[in-house]
Amino acid sequence: MIGIISDIHGNYPALIAVLHELDRIGCKKIISLGDVCGYYCMVRECIRELRQRNIVNIMGNHDYYIINNKSCDRSYTVNLCLDYQREILNEEDINWLKKSVQYIKKDGIWMVHGGWTDYIDEYVKDFSFLDKNDEVSLYISGHTHIQSKIIGKYAVYYNPGSVGQPRDAISTAAYAIIKDNNEVELRRIEYDIDKIAYAMRKNGFQQRVYSCLYSGMRIGANEE
């Protein structure tokens, strides 16, 4: 049984809740689909936990921004969070992020962060690849923060959703497990949102950056 986590985004309380549940059910291997970095202030704790557990990370767009000193052209708020994280991450943290792989493809399963045209930053909208009869029967990616399942003619697509910032109007941390028969189960678990909210306030972040966690929406969604 393999645990699949994605889009942690520096939300350590959410990560710990998911990891403890994966431990409880007996997952011997865990894979991160990327975006350990971005948004929330406990990114060092998240990286430390993944490093200690020898969890393989697939490169996410926020991870890429950090290690390449790049900004995000979609969001001023994202860049504020990334600037904060660059200040607190040390060389060991950065070196671990640099070891992130572009994708994992094995035993009929293909995992990326974004999509299969752009592994890091594609938002997959066309799922016609699921109707192609090739060696892949199970596609898995993150990036959208929305837990989902799409069935094609020859393959199935899963998005485990986001551990650290769900955007499907459900506040619980999202993740998935791959069972021994390659069957995927999408799961959710509650965590103490107040803990990450307190940490964000303590480190000077505006309420709008973390209040979305209580509604399971993207930042700014409640302001529209």
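The values are calculated or read from the model by the stated rules, or taken from the named source; none is laboratory data. Computed from a predicted structure; not experimentally measured. A quick note on method: Cβ atoms are made from the backbone with ideal geometry, for glycine too, and the neighbour counts reach across all protein chains shown.
Checking Lys149 against (1) modelled with pLDDT of 95 or more; (2) surrounded by 17 or more Cβ atoms within 10 Å (Cβ to Cβ), which single condition isn't satisfied?
(2)
When both residues are 6+ apart or on different chains and their Cβ atoms are under 6 Å apart, which pairs have a first residue that lies in the stretch 136-157 and is within 20 Å of Ser215 (Cβ to Cβ) and of a type in the set (A, V, I, L, M, F, W, C), and a second that is at pLDDT 95 or above and surrounded by 17 or more Cβ atoms within 10 Å (Cβ to Cβ)?
Listed pairs, sorted by first residue: Ile146/Arg167; Ile146/Asp168.
Filter the stretch 65-84 down to residues that are of a type in the set (S, T, N, Q) and part of a helix (DSSP H, G or I), then give me how many there are. Working first, answer last.
Quick first cut of the stretch 65-84, residues of a type in the set (S, T, N, Q) only: 68-69, 71, 75, 77, 79.
Add one more test, that the residue is part of a helix (DSSP H, G or I), and what stays is 77, 79.
Of the residues in that region, 2 qualify.
List pairs: first residue in the stretch 30-50 and surrounded by 24 or more Cβ atoms within 10 Å (Cβ to Cβ), second residue assigned to a loop (DSSP other than H, G, I, E, B) and modelled with pLDDT under 95 anywhere in the structure, Cβ distance under 8 angstrom, at least six positions apart or on different chains.
That search, which allows pairs on different chains as well, returns Tyr39/Ile219.
I need a count of the residues in the stretch 135-186 that are touching a helix residue (DSSP H, G or I) at 6+ places or on another chain (Cβ under 6 Å), of a type in the set (A, V, I, L, M) and outside any loop (DSSP other than H, G, I, E, B).
Total satisfying the criteria: 1.
Mind checking which residues of the stretch 155-188 are over 22 Å from Arg44 (Cα atoms), surrounded by 15 or more Cβ atoms within 10 Å (Cβ to Cβ) and of a type in the set (A, V, I, L, M, F, W, C)?
Ala155, Val156, Ile170, Ala176, Ile177, Ile178, Val184, Leu186
For the stretch 102-116, give me the residue count where each residue is in a loop (DSSP other than H, G, I, E, B) and either at pLDDT 95 or above or under 14 Å from the mean Cα position of the chain (by Cα) (or both).
The initial filter retains those residues of the stretch 102-116 that are in a loop (DSSP other than H, G, I, E, B), namely 102-103, 107-108, 113-116.
The next check asks that each one be either at pLDDT 95 or above or under 14 Å from the mean Cα position of the chain (by Cα) (or both); those that pass are 102-103, 113-116.
Summing the residues that are in a loop (DSSP other than H, G, I, E, B) and either at pLDDT 95 or above or under 14 Å from the mean Cα position of the chain (by Cα) (or both) in the stretch 102-116 gives 6.
Ser6 passes all but one of (1) crowded, with 19+ Cβ neighbours inside 10 Å; (2) more than 21 Å from Tyr158 (Cβ to Cβ); (3) of a type in the set (S, T, N, Q); which number fails?
Result: Ser6 passes all but (2).
Could you list all residues from the stretch 17-74 that are more than 13 Å from Lys99 (Cα to Cα) and of a type in the set (Lys, Arg)?
Arg24, Lys28, Lys29, Arg44, Arg48, Arg53, Lys70, Arg74
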